[in-house]
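Engineer: Quick one: this structure, given as structure tokens, is what I'll be asking you about.
Values quoted throughout were computed directly from the atomic coordinates according to the rules given, and no laboratory measurement underlies them. Quick caveat, the model's predicted, so the values are computed rather than measured. Glycine also receives a Cβ, built like all others from the backbone with ideal geometry; neighbour counts cover every protein chain displayed.
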Amino acid sequence: MKMKKDFLSVGDLSKKEMEKLFRIAKELKRKPYGTTLKDKTIVLLFEKASTRTRLSFEAGIGHLGGKSIYVDASTSQLARGETVEDTGRVMERFVDGIVARVYKHETLVGLAKNSRIPVINALSDVEHPCQAIADLFTVLQKAGSFKDQKVAFIGDGDNVCNSLMLGCAILGVEFSAATPPGYKPNAEILAKAKKLSGNKIQVFDDPVKAVNDASFVYTDVFVSMGNEAEKEERLKIFVPKYQVTRGLMGHARKGALFMHCLPAHRGQEVAADVIDGKSSIVFDQAENRMHTQNALLKMLYSR
């Protein structure tokens, strides 16, 4: 099965393609340099600020022999009203691919529909698929296989939760989420994930129920970029019930590992002694962003 030329959703990968991606990522982690992107230029079109996403793509593209151009959308003609459609048509004339970090998922769809070059979702309001493939690769590296693993996500059913849930469903990994009412995962993605995996996908209000027998416990910030105006309201809803503490980790499987996509706010979504403790693998996740993204780039450009 040929992989779709764009990567807008974790669902753009089949189980076999994801397993192939992880095999490539494992090799790239051992030997990260290559020539897949020799004589190719990738534009990084970012509407949202970034540390890990920008650095991992810029470094990774360089490791594969390519060049990257960073474009802050706020200083581009997009900020002055140029359409996404026109932007896509222009960019395809100059570069070989677009990595876009945007506020609205529709922006990615518009870029993909109006350019003949690969478009990669580096974050939207609906999904964060590059984060999810790094997370799942990290689970595989730590556990050795996906068999009998369970991932529990605690907090806001946001883009990270959506992609991780869908990725787990594709791979057959048990997944549970605990979110407050009104902050559930995307209904369409939840339905798709449940259809793929049956009873392996569950959503609760109670964090204790979600982490029961989990081998990996995951959380994300309670106030994402773009939601700053809701900060006080969100913190009242989420803290302390949905904060990952040592007490909550105690309801998970013995030896459970803690995950976070970063940046983190200690004392909000996670206690300091958890994220800075021995069970934390957050920096392994961060490193694996580059390896899995480069594996994705190899699959897209090695044709």
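Engineer: Among the aspartates and glutamates, which have Cα under 17 Å from the Cα of LYS195 when same-chain residues fewer than 8 positions away are ignored?
Structural biologist: Qualifying aspartates and glutamates at Cα under 17 Å: ASP12, GLU174.
Engineer: Distance between the C-alpha centers of region 56-73 and region 246-287? Whole Å please.
Structural biologist: 29
Engineer: Please pull out the direction-averaged projected area of region 1-143, using the convex hull of its alpha-carbon atoms, in nm² to one decimal place.
Structural biologist: Spelled out: convex hull of the Cα atoms, projected over all directions, averaged, 8.7 nm².
Engineer: Cross-link list LYS15/LYS231; LYS67/LYS194; LYS15/LYS241; LYS26/LYS192; LYS15/LYS48: which exceed 32 angstrom alpha carbon to alpha carbon?
Structural biologist: LYS15/LYS231; LYS67/LYS194; LYS15/LYS241
Engineer: Which whole-number percent of Cα pairs in region 130-285 have a distance greater than 21 Å?
Structural biologist: 37
Engineer: While we're on this one: What's the exposure ranking of ASP135, ASP206, going from fewest to most Cβ atoms within 10 Å?
Structural biologist: The fewest-first ordering by Cβ neighbours comes to ASP206, ASP135.
Engineer: Considering the alpha-carbon set of the chain alone, what are its Rg and its Dmax in angstrom?
Structural biologist: 18.7, 55
Engineer: What are the trypsin sites (Lys or Arg not before Pro) within region 125-211 that DSSP puts in a loop, where the Cβ has at most 11 other Cβ atoms within 10 Å?
Structural biologist: LYS147
Engineer: Using mean Cβ contacts within 10 Å as the protection proxy, how do 161-167, 254-260 order, highest first?
Structural biologist: Peptide ranking by packing, descending: 161-167, 254-260.
Engineer: In nm, give the distance between the simple-model label positions of THR83 and ASP205, each being 7 Å from the Cα along the Cα-to-Cβ direction.
Structural biologist: 4.6
Engineer: Place a +1 charge on the Cβ of each Lys and Arg in the chain and a -1 charge on the Cβ of each Asp and Glu, then give the dipole magnitude about the Cα centre in debye, rounded to the nearest 20.
Structural biologist: Computed charge dipole of the chain: roughly 1220 debye.
Engineer: If you don't mind, another one. So what's the angle, to the nearest 10 degrees on a 0 to 90 scale, between helix 129-143 and the longest Cα principal axis of the chain?
Structural biologist: 50
Engineer: Now for a different question. What is the dipole size for region 164-276, taken about its Cα centre, with +1 at each Lys and Arg Cβ and -1 at each Asp and Glu Cβ, in debye to the nearest 20?
Structural biologist: 380
Engineer: If I fit a long axis through the Cα atoms of helix 84-94 and take the longest principal axis of the Cα atoms of the chain, what angle between them do I get, 0 to 90°, rounded to 10?
Structural biologist: That works out to roughly 60 degrees.
Engineer: Okay, next question. Placing +1 on the Cβ of each Lys and Arg and -1 on the Cβ of each Asp and Glu in the chain, which of ILE189, GLY34, THR83 has its Cα farthest towards the positive end of the resulting dipole?
Structural biologist: My answer, from the dipole projection, is GLY34.
Engineer: Taking only Cα atoms, what is the 0 to 90° angle, nearest 10, from helix 187-197's long axis to the longest principal axis of the chain?
Structural biologist: Tilt relative to the chain: about 80 degrees.
Engineer: Here's a follow-up. Add -39500 (n - 2.57) for each DSSP H run of 4 or more in the chain, then divide by its residues: what number comes out at 222 nm, to the nearest 500 deg cm²/dmol?
Structural biologist: Roughly -12500 deg cm²/dmol at 222 nm, from the helical runs in the chain.
Engineer: State the Cα centre-to-centre distance between region 138-217 and region 1-41 in whole Å.
Structural biologist: So the separation of the two Cα centres works out to 23 Å.
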